[in-house]
1. Among the strands (runs of 3 or more DSSP E) confined wholly to segment 428-522, which include 2 or more residues that are free of Cβ contacts under 8 Å to residues at least 60 places away in the same chain?
2. Among the numbered criteria (1) farther than 30 Å from residue 140 by Cα; (2) crowded, with 17+ Cβ neighbours inside 10 Å; (3) touching a helix residue (DSSP H, G or I) at 6+ places or on another chain (Cβ under 8 Å), which one does residue 274 miss?
3. Looking only at residues in segment 475-488 that are within 20 Å of residue 459 (Cβ to Cβ) and surrounded by fewer than 18 Cβ atoms within 10 Å (Cβ to Cβ), which one is nearest to the chain's Cα centre (by Cα)?
4. Listed residues 157, 228, 183, 153; which is within 29 Å of residue 54 (Cβ to Cβ) and surrounded by fewer than 24 Cβ atoms within 10 Å (Cβ to Cβ)?
5. Only one of these conditions is not met by residue 63: (1) surrounded by 23 or more Cβ atoms within 10 Å (Cβ to Cβ); (2) within 29 Å of residue 193 (Cβ to Cβ). Which number is it?
6. Would you check if there is a residue in segment 509-525 being modelled with pLDDT of 90 or more and surrounded by fewer than 15 Cβ atoms within 10 Å (Cβ to Cβ)?
7. Do we find a residue being part of a loop (DSSP other than H, G, I, E, B), within 23 Å of residue 185 (Cβ to Cβ), outside the structural domain of residue 462 (by TED's automatic domain parsing) and free of Cβ contacts under 8 Å to residues at least 60 places away in the same chain anywhere in segment 224-236?
8. Of all residues in segment 180-223, which are farther than 30 Å from residue 75 by Cα and outside any helix (DSSP H, G or I)?
């Protein structure tokens with residue numbers, strides 16, 4: 001009999017011999033990792049419920065401006081928004097607005113955003129637990145992420161970014177489970193199909209590919225020589241990504257909301273799906289990308305502080321690095337996957353130009369929160385190995401998300417466009433043409449094409465091309481109203497007399513006549529076709545003139 005066995009045999013039944021201090025932390029960690037593998041989803045469900053309650057408390061109750069109004073219109077009408085199309089999100093939105101009987105598609109799309117965001121918070125909890133964090137610290141990390149100002153604000157309205165975080169984390173969790181279960185082929189196929197759907201939700205998921213490939217090759221090096229298995233994975237991936245067939249099929253059907261060009265040919269399809277119109281804003285594709293990323297990193301850190309606090313932001317960064325080191329020591333493949341997924345996404349976001357760039361940071365922050373929970377757990381375990389009673393102090397960290405919720409609750413707002421829609425459509429003359437830039441035309445789409453108001457009104461989107469569009473359409477004799485920024489209005493006023501019309505606090509300008517001797521603006525492409533891009537390439541796309549017909 002070995003000395004250890006003799007010691008165990010001599011131990012009185014029902015009593016545990018205290019471990020030497022240096023051996024307590026490894027024993028605690030091993031027990032926690034085993035518990036994580038056996039855990040039911042109750043912890044994640046509780047965290048999801050808390051996040052959902054916070055989002056519902058501030059949920060936008062109706063139609064919104066900007067991209068919100070576009071998604072609220074395109075999903076129930078099976079339309080097309082700006083590139084890269086978001087077909088997974090639009091199809092899910094169509095199903096959701098069809099199944100959920102609230103009678104208000106705009107509210108239903110906002111609810112879909114809240115559910116996606118809350119489930120993403122639950123996924124952060126599951127990831128933290130899988131990495132070895134305890135239930136309490138996993139909940140702290142998940143809720144800190146979910147209650148950050150930008151994510152909270154985005155999860156109360158129609159937007160595909162919370163769903164992007166959910167799908168990306170689901171792919172990561174499935175890959176970790178695939179490795180734990182000794183790499184079953186069926187689970188790898190399911191992961192590939194889900195990744196295809198993630199690509200269909202937001203093309204930002206494409207930057208996950210290097211991390212996924214590196215993880216799979218590291219976990220199963222021989223897969224590269226198994227052609228049939230690789231073909232099966234590629235087929236599953238293509239099956240998920242086949243959701244992009246929605247784009248040409250719906251473009252051919254001429255839905256009420258569509259892009260400036262119909263992506264029904266291969267060239268236009270790839271231009272649309274790959275977002276080539278935004279190429280000037282994609283610094284990560286240029287040699288200057290690293291310099292751009294370094295230059296914008298302070299702005300990212302400033303946003304992290306503004307969305308939480310100096311203390312919370314510093315804690316996330318420090319504990320996240322600790323957690324990454326702990327994970328790398330225990331499972332370097334998981335650390336490789338998480339590091340590449342979060343790092344490349346952050347790099348792409350830092351080098352991209354977008355009107356609301358904070359949404360592109362969500363996945364790196366979600367991974368950081370999970371790693372921070374793991375880092376905090378490692379430090380707490382080390383402290384508990386010396387002072388056993390300190391382990392209970394981890395529960396006090398639940399005050400962190402509570403404080404964050406109290407701090408950010410007033411920033412979780414989204415502006416309703418209901419008053420604006422009713423006022424504009426109730427004010428403009430019969431058979432009117434309304435020429436508006438992106439942010440203000442999308443809620444009018446909803447009023448006209450979802451609610452069926454004012455079928456006589458024609459909506460034209462554009463900004464810099466609008467002066468020439470006024471010249472082209474004014475001879476038709478139809479009433480023309482402008483919702484434009486000062487530069488475009490000043491240019492139109494050089495040739496036309498404008499009359500202000502107030503609608504719910506916003507000013508429309510009616511074109512009431514041409515000025516004597518005024519020279520027409522340079523010719524512009526006909527509305528509805530491709531036009532010269534104007535304005536910054538943002539999430540909403542280049543500003544062009546296009547007609548959206550009912």
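The values are calculated or read from the model by the stated rules, or taken from the named source; none is laboratory data. Model, not experiment: these values are computed from the prediction. Note that each Cβ is placed from the backbone with ideal geometry, even for glycine, and that neighbours are counted across all protein chains shown.
1. Per the criteria, 433-436, 480-483, 496-503, 506-514.
2. The failed condition is (2).
3. 485
4. None of the other options fit; the residue is 153.
5. Condition (2) is where residue 63 drops out.
6. yes
7. Yes: segment 224-236 contains one or more residues that are part of a loop (DSSP other than H, G, I, E, B), within 23 Å of residue 185 (Cβ to Cβ), outside the structural domain of residue 462 (by TED's automatic domain parsing) and free of Cβ contacts under 8 Å to residues at least 60 places away in the same chain.
8. 181, 182, 183, 184, 220 - these are the residues of segment 180-223 that are farther than 30 Å from residue 75 by Cα and outside any helix (DSSP H, G or I).
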